[in-house]
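Taking it in order: structure first as structure tokens, then the write-up.
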Amino acid sequence: FEAVFMGLNKTGLVAMELRDNFGQATQIKFSASVVNQPVDESLFQFSPPEGVDVVGQ
């Protein structure tokens, strides 16, 4: 990205804007965020599809 802008308030991150090298902007708004909650490890497990080359495992 050419630029990343972050909008913050006293509770944390509320918005982001990502600008690419073509001048396109993507805006992301966050609401009802919950911070510092336990996260199940299964959410971070990845099984690559059959036939995919895995590099650096």
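Odds and ends about this structure:
- A Cβ distance below 8 Å, combined with a sequence gap of six or more or placement on separate chains, defines the contacts here; from segment 29-42, residues that are among the basic types (Lys, Arg) reach residues that are modelled with pLDDT of 90 or more in the pairs LYS29/VAL14; LYS29/ALA15.
- Considering only residues in segment 23-43 that are assigned to a loop (DSSP other than H, G, I, E, B) and small (Gly, Ala, Ser), the one that is farthest from LEU8 (Cα to Cα) turns out to be GLY23.
- Residues that are charged (D, E, K, R), over 14 Å from the mean Cα position of the chain (by Cα) and not in a loop (DSSP other than H, G, I, E, B) within segment 1-22 comprise just one, ARG19.
- For first residues located in segment 1-19 and of a type in the set (Asp, Glu), partners that are surrounded by 10 or more Cβ atoms within 10 Å (Cβ to Cβ) and in a loop (DSSP other than H, G, I, E, B) and lie 6+ apart or on another chain with Cβ distances below 9 Å form the pairs GLU2/ASP20.
The values are calculated or read from the model by the stated rules, or taken from the named source; none is laboratory data. On a predicted model such as this, the values are computed, not experimentally measured, just so you know. A quick note on method: Cβ atoms are made from the backbone with ideal geometry, for glycine too, and the neighbour counts reach across all protein chains shown.
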